[in-house]
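Asker: The structure's right below; bear with me while I get my questions together.
The values are calculated or read from the model by the stated rules, or taken from the named source; none is laboratory data. The shown structure was predicted, so the numbers you read here are calculated from the model rather than taken from an experiment. All Cβ positions, glycine included, derive from the backbone under ideal geometry; neighbour counts span all protein chains shown.
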Number of protein chains: 2
Amino acid sequence: MELAKRRGFIWPSFEIYGGAGGFYDFGPLGSILKNKIIRKWRELYAVGESFLEIDSPSVMPEEVLKASGHVDHFVDAMVECQKCGTAFKATDLARNVTGKDIEGMKESEMDEFLKANGVCCPDCKGEFGKVFFFNSMFKTTIGPGSQRIGYLRPETAQGIFIDFKRLQRHARGKLPFGVIQVGKGYRNEISPRQGIIRLREFTMAEAEVFFDPDNPHHPNFSRLSGEKVRLWRAEAQIAGKDTTVDVTVKEAVEKKYIHNELIAYFAALTKKFLLELGIPFEAIRFREQKPGQRAHYSSETWDAEVRTEQFGWVEVAGLANRSDYDLSRHTKFSGEDMSVTLGESGKKVLCHVVEPSYGIDRPLYCALEHAYTDEGERKYLKLKKWLAPVEVGVFPLLKRDGLSEKAVEIQDFLRSKGLLADYDESGSIGRRYARADEIGTPYCITIDHQTLADNTVTIRDRDTSRQVRASLDNLPNLLASLICDSLVFDDAGEPIKI
Amino acid sequence: MELAKRRGFIWPSFEIYGGAGGFYDFGPLGSILKNKIIRKWRELYAVGESFLEIDSPSVMPEEVLKASGHVDHFVDAMVECQKCGTAFKATDLARNVTGKDIEGMKESEMDEFLKANGVCCPDCKGEFGKVFFFNSMFKTTIGPGSQRIGYLRPETAQGIFIDFKRLQRHARGKLPFGVIQVGKGYRNEISPRQGIIRLREFTMAEAEVFFDPDNPHHPNFSRLSGEKVRLWRAEAQIAGKDTTVDVTVKEAVEKKYIHNELIAYFAALTKKFLLELGIPFEAIRFREQKPGQRAHYSSETWDAEVRTEQFGWVEVAGLANRSDYDLSRHTKFSGEDMSVTLGESGKKVLCHVVEPSYGIDRPLYCALEHAYTDEGERKYLKLKKWLAPVEVGVFPLLKRDGLSEKAVEIQDFLRSKGLLADYDESGSIGRRYARADEIGTPYCITIDHQTLADNTVTIRDRDTSRQVRASLDNLPNLLASLICDSLVFDDAGEPIKI
C-alpha cells in the first residue's frame with residue numbers, strides 16, 4: 001500500500017480536507033490498471049460471450065429500489081457509542097471481538113450477543129446503545145424541493161432488469177442471453193476501516209444471464225467444463241471446517257456441489273479472469289454462502305475469494321442465482337408484464353437470472369499485492385505484462401550527445417503505435433531500472449551512442465534483468481509480441497553479457 | 001430519435017416506472033458508440049498529449065465544493081407555478097417566450113422581466129411566484145445520520161485540483177502538464193425537457209492543463225497552429241450579429257481573438273475530435289462567452305457548438321481559462337499550499353489552468369443526427385466507419401445447406417480478431433442489408449454456396465451498395481483495413497455485378 005500510494009496507483013480521496021473513509025482515488029498508474037482490467041473483463045463477457053452491454057444512470061428513483069427490495073432489505077445493523085458517538089457496524093464488531101458471524105440475527109439477538117460478549121467501543125471503551133438497522137443506500141432528491149426521492153444504485157443490475165423487455169427484443173427472443181453493465185455502485189458504509197477493500201463508491205462489472213428455468217444450461221458449457229475450481233462448500237463451513245475440494249466444473253455439477261450449470265460455467269470463467277490478473281490458482285477459492293448469509297434475492301450464491309496478506313480472504317466476485325425474483329418484483333410493482341413467449345414452443349415464461357457480479361477495485365488491489373515481489377535488495381511488481389501501466393521504459397544513457405532527443409522521439413513513436421511508453425532521464429540507469437521495476441514495467445529500452453550509429457537499442461527484461469540488443473525498425477511489433485507472450489525474450493535480439 | 005430508441009442506441013430511463021426527466025439509458029448499440037467515443041477522446045488526450053489520467057469519486061464532501069464555489073454559485077433561477085406547482089428554470093422561460101437571455105440578472109430583475117413580458121405557466125397558464133435560486137447539485141449524506149453532507153460532483157475537475165500536489169510530483173515538476181478524468185457529472189436540473197441534451201446525469205471527459213502564467217504556451221503549438229476554426233466572437237454577439245470568422249488558430253492568437261495560446265491549441269484539437277465523429281466543419285463553431293455568461297471561475301471561455309436539426313446549436317465542449325481560481329481557493333480553504341517551485345528558476349508559482357471540458361452524451365447525439373441520411377427509399381446512418389457499433393454484418397444466404405453454421409463460425413472468428421461482427425439470418429438478404437444500413441454497419445458479408453466451394457464471401461459497402469468477392473483467408477485484416485480507411489473498397493476483391 002505504501003508503494004501503491006507513493007507511485008500513483010491509489011491514494012485516499014480528499015486528503016487535503018482530512019479525507020473521507022471509504023473513498024479512494026486511482027492515480028495515473030492506477031487508472032490505467034483499472035481501465036485495463038475493465039477491458040479484459042469486457043473481452044471475456046462482451047466479446048467472448050457476446051453479451052449485450054448497457055449503460056444506465058447511477059441515480060435511481062425510489063420506486064425501482066422499492067421493487068427490487070433494496071429500500072427494505074439493503075440495511076446494516078449498527079450501534080452508536082453512547083460516550084463518543086462513533087457509529088459501528090454490529091457484525092464487524094462481533095467478528096473482530098469474538099470471531100463469530102452474527103449476520104442474519106434480529107436486532108434484539110444482536111443486542112444480547114454484544115452484551116454477553118462484553119463488546120464496547122474500540123475507540124473510547126464507551127458503552128453502546130441499542131442495535132438498529134440503517135439503510136446503506138445514499139439518499140438524494142431528484143428535482144427541486146423534495147419532489148422525488150432517489151438513491152445512488154447499490155448495484156448496476158437493476159438498470160438491466162427494468163430494461164428487460166427492450167433488451168429481450170434486441171436479443172431477438174433468444175434464450176439464454178446475457179447483458180452486462182460496468183459502472184459505479186454505492187454503499188453508504190457505516191464506518192469503513194479497511195482501506196480499498198470496503199469502499200463507499202466502487203466500480204462494478206455485472207452480468208445478468210436470463211434463462212428459461214426449464215432449460216438452465218449454457219449452450220457452450222463444454223468449452224469450460226474441464227476447468228478446475230476450488231470449492232469451499234457450505235456443508236464444510238457449517239461443520240466448522242476449512243476443507244476445500246478441487247473439481248472440474250463438470251464434476252461440480254454432476255456431484256451437485258453447484259446446483260446450476262450456469263453458475264458452474266461462470267465460476268470457471270471467473271477463475272480464468274483472476275488467473276489473467278496474475279492471481280495464482282492456490283489463492284482463489286469459491287465459497288458457497290450459507291443460507292442465512294445470502295442476499296434477499298438469491299437462492300444460491302458462490303463468492304469468488306482471493307487470499308491476501310493484508311486482509312485475509314477477500315470476496316472479489318459473486319455468482320448468484322437470483323431466480324425470477326427481480327423480474328417478478330418489477331412485474332408486480334410496475335404493472336408491466338415481464339414474461340416472454342418462447343418462439344419455438346409458444347410457452348410463456350418468466351426468465352430466471354444467474355448473475356456473475358464483479359468488483360473491479362478489489363481484484364485490482366489483489367493483483368497488485370500478488371505482484372509485489374520482495375527479493376531483499378530488489379523489490380518489484382511482477383505484474384502480468386499486459387497489465388502493466390507502463391509497458392516500456394525509454395531511457396537515454398546520457399542526457400547529452402543527442403541521446404535525449406532520440407529517446408523522446410522513440411517514446412513518441414512507440415506511443416503512436418499504441419504502446420504505453422514512458423521516458424525517464426533522471427538518475428543513473430540502475431536507478432531508472434529500479435524505478436521501472438517498482439511499478440512493474442516489463443521492458444526498458446536504452447538509447448546509447450551505438451543507437452545513433454546502427455539504429456539498435458538494448459531491451460531489458462524485468463523478471464530476469466537479462467538484456468538483448470535489437471533493431472529499432474521492428475521495435476513496436478517486437479515489444480507487442482513480448483508483452484502478449486507470443487515471443488520469448490531470448491529470441492528478441494542478440495544477447496548482451498553484462 | 002425514433003430510430004435511436006427503436007434500434008437500441010438510447011432510450012429514456014426507468015420507462016416502466018413512468019420515466020424520470022433528464023435520465024437516459026444507452027442501449028446495446030449506444031453503449032458501444034459511447035465507449036468508442038471515449039476511447040477516441042483518450043487517444044487524443046492520454047496518448048497524443050501524454051496527459052495523466054485519474055479516477056476519483058463522484059460523491060464529494062461539502063468542504064471541497066464550498067472551496068470550489070459550487071455550493072454558493074452552482075445555482076439556477078427557478079419559478080414555481082402557483083396554480084399547478086410545476087417548477088421551471090427562469091432563463092428557459094424567458095428564452096422560449098421572448099428569445100432573450102436573462103442569465104446573470106438578479107432575482108428581482110428576473111421577476112420584473114417575466115412580469116413585463118407576461119410570462120405564465122406553459123402547462124396551465126397559471127401565474128408564477130417569485131424567482132429564487134436553487135442549488136443544482138444532488139445532495140446526500142456520507143455515513144449514517146447526517147454526519148457529513150456530500151454532493152454528487154457537478155464536474156470531474158475538482159477531483160483533479162485537490163490532487164494537484166500528488167499529480168505535480170508524478171509529472172516530475174514539468175510545466176505545462178495535463179491531467180484528464182472521464183466519468184459521471186451531475187446537475188439536478190429543475191425541469192429538463194430537452195431529451196438527451198439536458199441531462200441530470202451525464203458523462204464528461206475533462207482535461208486540466210496546469211501552466212506557468214508567465215509562460216502560457218503549448219510546447220507543440222506549431223503541430224496544430226495551421227488548423228482552421230470558425231469563431232463567433234463575443235463582440236459580434238453583443239452587436240446582435242451572427243457573423244463568424246474562419247481563421248487558423250495561429251491567426252486567432254495573433255489577432256487576439258483568442259487570448260490564450262493553450263485555449264487556441266485545444267480549440268484546434270476539439271475541432272479535430274468533432275471531425276473524427278463525423279461532424280462537418282460547417283456545423284462546428286466556437287462561441288465566445290460574453291462576460292455575464294461565464295461560470296464563476298472563468299476569465300475566458302469558448303464553447304464548441306454543433307448545429308443540429310432538432311435542438312439548434314448545441315454546446316458540446318467548453319474551453320475555459322480558470323486562471324488560478326481553483327488552486328488558490330483550495331489553498332485558502334484547505335490550508336495546503338498549492339504553489340510549486342520551478343526547477344530551473346527556483347521561482348514559486350501558483351499554476352493557472354486551461355480546461356478543455358467535453359460532454360460525451362451530446363457529441364454522441366450530434367454524431368447520430370449528422371450520420372442520419374434520408375435518401376427517400378433508403379434511410380441509413382452514414383456513421384464514420386470506425387464509430388459503427390456493428391462493424392460487420394454476417395449473413396448466410398440461406399438457413400440450410402450448412403450456410404448458417406459456416407456463417408456463425410465466421411462471425412466467431414471475426415469477433416475473436418477484435419471485429420464487432422453480428423450474425424443475422426432472419427428475412428431476405430435485402431431486408432438484412434436495410435437493417436444493417438439503418439444502424440450504420442459499414443460492411444456486410446454474405447455466405448453462399450460458393451463460400452463452401454472456394455472459401456470466398458461477398459462484401460457489401462454500406463455507402464455505395466457495391467459488392468466485391470474476397471477470400472476468407474485474409475478477411476479480418478481486409479475488413480480492419482477497410483474500416484480504418486487504409487484500403488479502398490474497390491481494391492478489396494473482385495467486383496461483382498448485380
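Asker: Please go through the stretch B:416-434 and give me each residue that is assigned to a helix (DSSP H, G or I) and without any contact (Cβ under 8 Å) to a residue 24 or more places away in the chain, ordered by number.
Answerer: To start, the set of residues in the stretch B:416-434 that are assigned to a helix (DSSP H, G or I) comprises B:416, B:429-434.
Selection gives B:Ser416, B:Gly430, B:Arg431.
Asker: Sticking with this structure for a sec: Can you report the number of residues in the stretch B:122-166 which are within 30 Å of A:Ser426 (Cβ to Cβ) and touching a Phe, Trp or Tyr at 6+ places or on another chain (Cβ under 8 Å)?
Answerer: Number of matching residues: 4.
Asker: Of the residues that sit in the stretch B:186-223 and are within 14 Å of another protein chain (Cβ to nearest Cβ) and assigned to a helix (DSSP H, G or I), which one is surrounded by the most Cβ atoms within 10 Å (Cβ to Cβ)?
Answerer: B:Ile196
Asker: With the structure loaded, tell me whether B:Phe51 is within 26 Å of B:Phe210 (Cα to Cα), within 12 Å of chain A (Cβ to nearest Cβ) and aromatic (Phe, Trp, Tyr) or whether it fails that test. Full working, then the answer.
Answerer: Working: within 26 Å of B:Phe210 (Cα to Cα): yes; within 12 Å of chain A (Cβ to nearest Cβ): yes; aromatic (Phe, Trp, Tyr): yes.
When the stated conditions are applied, B:Phe51 passes them.
Asker: Here is a further query. Looking at the structure I just gave you, is A:Gly418 surrounded by 15 or more Cβ atoms within 10 Å (Cβ to Cβ) and either within 30 Å of A:Ile37 (Cα to Cα) or at pLDDT 95 or above (or both)? Working first, answer last.
Answerer: On the way: surrounded by 15 or more Cβ atoms within 10 Å (Cβ to Cβ): no; either within 30 Å of A:Ile37 (Cα to Cα) or at pLDDT 95 or above (or both): yes.
Against the criterion (surrounded by 15 or more Cβ atoms within 10 Å (Cβ to Cβ) and either within 30 Å of A:Ile37 (Cα to Cα) or at pLDDT 95 or above (or both)), A:Gly418 does not qualify.
Asker: Is it fair to say B:Phe413 is touching a helix residue (DSSP H, G or I) at 6+ places or on another chain (Cβ under 9 Å), over 26 Å from B:Leu364 (Cα atoms) and in a strand (DSSP E or B)?
Answerer: Working: touching a helix residue (DSSP H, G or I) at 6+ places or on another chain (Cβ under 9 Å): yes; over 26 Å from B:Leu364 (Cα atoms): yes; in a strand (DSSP E or B): no.
Spelling it out, it is not the case that B:Phe413 is touching a helix residue (DSSP H, G or I) at 6+ places or on another chain (Cβ under 9 Å), over 26 Å from B:Leu364 (Cα atoms) and in a strand (DSSP E or B).
Asker: Pull up the stretch A:10-35, narrow it to residues that are more than 7 Å from every other protein chain (Cβ to nearest Cβ) and part of a loop (DSSP other than H, G, I, E, B), then point me to the one that is farthest from A:Pro192 (Cα to Cα).
Answerer: So the residue we want is A:Gly18.
Asker: Taking the stretch B:114-154 on its own, how many of its residues are closer than 30 Å to A:Val131 by Cβ and either assigned to a helix (DSSP H, G or I) or of a type in the set (A, V, I, L, M, F, W, C) (or both)? Step through it out loud before you land on a result.
Answerer: So the first thing to find is which residues in the stretch B:114-154 are closer than 30 Å to A:Val131 by Cβ, and the list is B:139-150.
Those left that are additionally either assigned to a helix (DSSP H, G or I) or of a type in the set (A, V, I, L, M, F, W, C) (or both): B:142, B:149.
Of the residues in that region, 2 qualify.
Asker: Consider A:Ile263 carefully, then state whether it is farther than 25 Å from A:Val75 by Cα, touching a residue at least 60 places away in the same chain (Cβ under 8 Å) and β-branched (Val, Ile, Thr).
Answerer: yes
Asker: Something else now. Please verify whether A:Leu231 is within 14 Å of another protein chain (Cβ to nearest Cβ) and on the phi < 0 side of the Ramachandran plot, treating the condition exactly as stated. Steps first, answer last, please.
Answerer: Working: within 14 Å of another protein chain (Cβ to nearest Cβ): no; on the phi < 0 side of the Ramachandran plot: yes.
Answer is no for this residue.
Asker: Filter the stretch B:334-364 down to the residues that are within 23 Å of B:Ile180 (Cα to Cα) and within 14 Å of chain A (Cβ to nearest Cβ), then identify the one that is surrounded by the fewest Cβ atoms within 10 Å (Cβ to Cβ).
Answerer: Only one residue tops the list, namely B:Asp337.
Asker: Condition first: touching a strand residue (DSSP E or B) at 6+ places or on another chain (Cβ under 8 Å) and closer than 25 Å to B:Tyr186 by Cβ. Can you find one or more residues in the stretch B:332-354 that meet it?
Answerer: The answer is yes; a qualifying residue exists.
Asker: Let me ask something additional. Of all residues being within 14 Å of another protein chain (Cβ to nearest Cβ) and of a type in the set (Asp, Glu) in the stretch A:61-113, which is farthest from A:Phe132 (Cα to Cα)? Just the residue, please.
Answerer: A:Glu63
Asker: Out of (1) at pLDDT below 90; (2) surrounded by fewer than 15 Cβ atoms within 10 Å (Cβ to Cβ); (3) more than 30 Å from A:Pro219 (Cα to Cα), the odd one out for A:Met105 is which?
Answerer: Result: A:Met105 passes all but (2).
Asker: Take the residues of the stretch A:447-461 that are surrounded by fewer than 22 Cβ atoms within 10 Å (Cβ to Cβ), in contact (Cβ under 8 Å) with a residue 40 or more places away in the chain and not hydrophobic (A, V, I, L, M, F, W, C): which is nearest to A:Phe9 (Cα to Cα)? Steps first, answer last, please.
Answerer: Here is the first cut: in the stretch A:447-461, the residues surrounded by fewer than 22 Cβ atoms within 10 Å (Cβ to Cβ) are A:448-450, A:452-456, A:461.
Now drop any that are not in contact (Cβ under 8 Å) with a residue 40 or more places away in the chain, which leaves A:448-449, A:452.
Those still in the list that are not hydrophobic (A, V, I, L, M, F, W, C) too: A:448-449.
Working: A:Asp448: 31, A:His449: 34 Å.
The residue in question is A:Asp448.
Asker: A further question on this structure: Applying the selection to the stretch B:131-149, what residues are more than 8 Å from every other protein chain (Cβ to nearest Cβ) and either hydrophobic (A, V, I, L, M, F, W, C) or crowded, with 16+ Cβ neighbours inside 10 Å (or both)?
Answerer: Answer for the stretch B:131-149, where residues must be more than 8 Å from every other protein chain (Cβ to nearest Cβ) and either hydrophobic (A, V, I, L, M, F, W, C) or crowded, with 16+ Cβ neighbours inside 10 Å (or both): B:Val131, B:Phe132, B:Phe133, B:Asn135, B:Ser136, B:Met137, B:Ile149.
Asker: What number of residues within the stretch A:224-251 satisfy the criterion of being under 17 Å from A:Leu269 (Cα atoms), within 24 Å of the chain's Cα centre (by Cα) and assigned to a helix (DSSP H, G or I)?
Answerer: The total comes to 2.
Asker: Of the residues A:Thr248, A:Thr301, A:Thr243, which is more than 14 Å from every other protein chain (Cβ to nearest Cβ), in contact with a Lys or Arg (Cβ under 9 Å, 6 or more places away or on another chain) and loosely packed, with under 14 Cβ neighbours inside 10 Å?
Answerer: On the way: A:Thr248 fails: loosely packed, with under 14 Cβ neighbours inside 10 Å; A:Thr301 fails: loosely packed, with under 14 Cβ neighbours inside 10 Å.
The unique qualifying residue is A:Thr243.
Asker: Looking only at the stretch B:36-50, count every residue that is outside any helix (DSSP H, G or I) and on the phi < 0 side of the Ramachandran plot and tell me the total.
Answerer: Within the stretch B:36-50, the subset outside any helix (DSSP H, G or I) is B:49-50.
Restricting the remaining residues to those that are on the phi < 0 side of the Ramachandran plot gives B:49.
The total comes to 1.
Asker: Determine, yes or no, whether B:Phe413 is in contact (Cβ under 8 Å) with a residue 12 or more places away in the chain and out of contact with any Phe, Trp or Tyr (no Cβ under 9 Å at 6 or more places or on another chain). It would help to see each step written out before you state the result.
Answerer: Working: in contact (Cβ under 8 Å) with a residue 12 or more places away in the chain: yes; out of contact with any Phe, Trp or Tyr (no Cβ under 9 Å at 6 or more places or on another chain): yes.
So B:Phe413 fits the description; yes.
Asker: Next question, about the same structure. Does A:Leu452 satisfy the condition of being farther than 23 Å from B:Lys174 by Cβ and not polar (S, T, N, Q)?
Answerer: So A:Leu452 passes the test.
Asker: Here's another thing I want to ask about it. Considering only the stretch A:155-185, state which residues are at the interface with chain B (Cβ under 10 Å from one of its Cβ atoms), in a loop (DSSP other than H, G, I, E, B), touching a helix residue (DSSP H, G or I) at 6+ places or on another chain (Cβ under 9 Å) and not acidic (Asp, Glu).
Answerer: Those that are at the interface with chain B (Cβ under 10 Å from one of its Cβ atoms), in a loop (DSSP other than H, G, I, E, B), touching a helix residue (DSSP H, G or I) at 6+ places or on another chain (Cβ under 9 Å) and not acidic (Asp, Glu): A:Ile162, A:Ala171.
Asker: Continuing with this model, one more query. Would you mind telling me which numbered condition in (1) closer than 18 Å to B:Gly318 by Cα; (2) touching a strand residue (DSSP E or B) at 6+ places or on another chain (Cβ under 8 Å); (3) among the hydroxyl-bearing types (Ser, Thr, Tyr) B:Thr248 fails?
Answerer: Among (1) closer than 18 Å to B:Gly318 by Cα; (2) touching a strand residue (DSSP E or B) at 6+ places or on another chain (Cβ under 8 Å); (3) among the hydroxyl-bearing types (Ser, Thr, Tyr), B:Thr248 violates only (1).
For (1) over 35 Å from the mean Cα position of the chain (by Cα); (2) over 17 Å from B:Ile483 (Cα atoms); (3) not polar (S, T, N, Q), each residue gets a yes or a no:
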site: B:Asp424; (1), (2), (3): no, yes, yes
site: B:Arg432; (1), (2), (3): no, yes, yes
site: B:Tyr443; (1), (2), (3): no, no, yes
site: B:Asp454; (1), (2), (3): yes, yes, yes
